[in-house]
1. Relative contact order of region 24-124, please, whole-number percent, based on alpha carbon pairs below 8 angstrom and at least 6 residues apart.
2. May I ask you to order 182-190, 64-72, 23-31 by the average number of other C-beta atoms within 10 Å around their residues, highest value first?
3. Using a Förster radius of 56 Å, what is the FRET efficiency between residue 41 and residue 105 based on their Cβ-Cβ separation? Nearest 0.05, please.
4. At 7 Å along Cα-to-Cβ for each site, give me the label-to-label distance between residue 213 and residue 309 in nm.
5. For the chain, how big is the tail of P(r) above 36 Å, as a whole percent of Cα pairs?
6. What is the Rg over Rh value, at two decimals, for region 64-160, using alpha-carbon atoms and the Kirkwood definition of Rh?
7. Taking the Cα-to-Cβ direction at residue 248 and at residue 81 and moving 7 Å from each Cα, how far apart do the two end points lie in nm?
8. Contact order normalised by length for the chain, with contacts defined as Cα pairs under 8 Å and 6 or more residues apart; what percent is it?
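Where a number appears in this text, it was derived from the coordinates with a stated rule and is not lab data. Being a predicted model, the structure only gives us computed values, none of them experimental. No Cβ is skipped: glycine too gets one built from the backbone with ideal geometry, and neighbour counts run over all protein chains shown.
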Ligand SMILES: Cc1ncc(COP(=O)(O)O)c(C=O)c1O
């Protein structure tokens, strides 16, 4: 089928999601896979590449899954009780997700984030009613982690801290939801799973589930190729505080991606696939393409953690003009 005709074909299965749900929390997960066609140059026809569109979660990112699971787990353990405030350090998406979950459940939320996160993120968090405490932008996400630890140490009885970097419920959320969804959506055909790493929750939990179904599934991480990068939400592990839930030995490969190359891929995804995505999606797809180009067959699933509209005011979109800007 031609690329244009394939893109226009009606879905073969009807939507099965619920039409009415009791709260926003039931909308977390069950995100669609979209097949990529035009940005896959140099990839053999036997290799199919799908993006999992996590921007469809109600808080707008993949982080809704761990945020919900960590809060549920806190409630179940009695660590989160009425009167306590949810507190965490976050580079943005987890904060938005915790703010959304807290609002839906009626718990206050306080977030420590680097002062340079995008204006859209700050506003979204505020819209969900969360209080934001800014850390030194020059210290990146590690600075936010350190400031959050100090705030907690001063009044531990006031707070419930999900601690996404060390909380097993983070990766468990993906083991219980992202992994099974991908397995079902590909009817067990997945050969390669690719995700960019921040806390490592997505790659660890999803990868573990997929390998439990088929140990041959290759689990590939994308990370910034440099400590000083412009890929919001991602960590360069060699120069960062390594999250407690991240176990590099469980990966089959880790591929470094340059910031500019990831941005260019995001621009292409918008113009050539009709998908406006965040920068970490571009990074993950580049890592997937690097592996896919050496194969004659395979089914890749790449996590696209969020949509691009929450980055439109960032420096990432300054590069759009030199890339060619919009077609006129
Ligand atoms: C935009 C974006 N991409 C990727 C990730 C990485 O996900 P994880 O923390 O599960 O490794 C994050 C994490 O916050 C993120 O915000």
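1. Details: 118 pairs, mean separation 23.9, N = 101.
Rounded, it is 24 percent for region 24-124.
2. Working: 182-190: 16.2, 64-72: 27.2, 23-31: 17.8.
Top of the packing list down: 64-72, 23-31, 182-190.
3. Details: r = 46 Å, r/R0 = 0.82.
So, using R0 = 56 Å, E works out to roughly 0.75.
4. My value for the distance between the label points is 3.0 nm.
5. Working: 8296 of 53628 pairs.
Of the Cα pairs, 15 percent sit more than 36 Å apart.
6. Working: Rg = 12.6 Å, Rh = 13.3 Å.
Rg/Rh for region 64-160 comes to 0.95.
7. Between residue 248 and residue 81, the label points sit 4.2 nm apart.
8. On the way: 627 pairs, mean separation 68.2, N = 328.
Contact order relative to length: 21 percent.
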